[in-house]
Amino acid sequence: MKTKVQIEDNYGVKLSLKRKISKIVELLFNIDEIQKNSAIKGFDVNTLSFSIVFVNDSEIREINKEYRNKDKETDVITFALFADDENKFVFKKTAELGEILISVDTAKNQAKEGLEKEILTLIAHGILHLLGFDHLTNEDYNFVVGVQEKVIAELL
């Protein structure tokens with residue numbers, strides 16, 4: 001599976017992300033449950049396209065309040081266009097999945113093992129959301145966190 005990623009970085013994260021993001025996607029699709037249950041199952045797709053936008057705590061709090069009615073900072077918010085829209089479409093074998101917003105401030109505060117690992121973990125988490133995996137139950141939460149941890153462990 002190829003990836004096409006647009007990254008907007010106004011906060012100096014400056015990690016060499018694109019190659020690592022492609023590897024995250026590859027590792028995710030090596031997991032049977034991801035292949036069998038992702039939003040792209042049944043579609044003729046060879047490329048996943050999505051955006052990553054790095055924001056600060058103030059920006060993510062505003063977005064969280066406006067779109068999720070939660071007046072607080074958070075680490076990652078996704079807008080899953082493909083997974084959440086009933087009018088899914090693929091153009092030239094590319095699925096436009098949506099957008100991942102990551103608060104650099106929160107990532108820095110959460111980073112116990114370095115900012116790069118934390119950012120990559122949040123990206124993996126966001127990609128899972130874009131593929132239709134959510135964590136509304138404890139079981140789903142454990143699955144999402146378990147997958148992201150496994151993928152990041154293999155990546156690094």
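The values are calculated or read from the model by the stated rules, or taken from the named source; none is laboratory data. These numbers were taken from a predicted model, which means no experiment stands behind them. Quick reminder, even Gly has a Cβ in these numbers, built from the backbone with ideal geometry, and neighbours come from all protein chains shown.
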- Item | Members of the stretch 120-156 found to be closer than 25 Å to Phe43 by Cα and surrounded by 21 or more Cβ atoms within 10 Å (Cβ to Cβ), listed by number | Ile123, Ala124, His125, Gly126, Ile127, Leu128, His129, Leu130, Leu131, Phe133, Gln148, Val151
- Message: Would you confirm, using the coordinates I've provided, whether Ser16 is surrounded by 12 or more Cβ atoms within 10 Å (Cβ to Cβ) and either touching a residue at least 40 places away in the same chain (Cβ under 8 Å) or under 25 Å from Glu154 (Cβ atoms) (or both)?
- Response: no
- May I ask you to list the residues in the stretch 1-22 that are among the polar types (S, T, N, Q), closer than 18 Å to Val104 by Cβ and either in contact with a Pro (Cβ under 6 Å, 6 or more places away or on another chain) or modelled with pLDDT of 80 or more (or both)? Gln6
- Item | Yes/no for Lys117 being modelled with pLDDT under 95, surrounded by 13 or more Cβ atoms within 10 Å (Cβ to Cβ) and closer than 27 Å to Phe29 by Cβ | no
- Which numbered condition trips up Thr78, out of (1) more than 16 Å from the chain's Cα centre (by Cα); (2) of a type in the set (S, T, N, Q); (3) within 15 Å of His125 (Cβ to Cβ)? (1)
- Options Ile77, Ile102: the member that is touching a strand residue (DSSP E or B) at 6+ places or on another chain (Cβ under 7 Å), more than 16 Å from Gly132 (Cα to Cα), modelled with pLDDT of 95 or more and not basic (Lys, Arg): Ile102
- Out of the residues in the stretch 85-99 that are touching a residue at least 24 places away in the same chain (Cβ under 8 Å) and closer than 21 Å to Asp134 by Cα, state the one that is surrounded by the fewest Cβ atoms within 10 Å (Cβ to Cβ). Lys88
- Could you count how many residues in the stretch 21-50 are β-branched (Val, Ile, Thr) and closer than 22 Å to Lys88 by Cα? 5
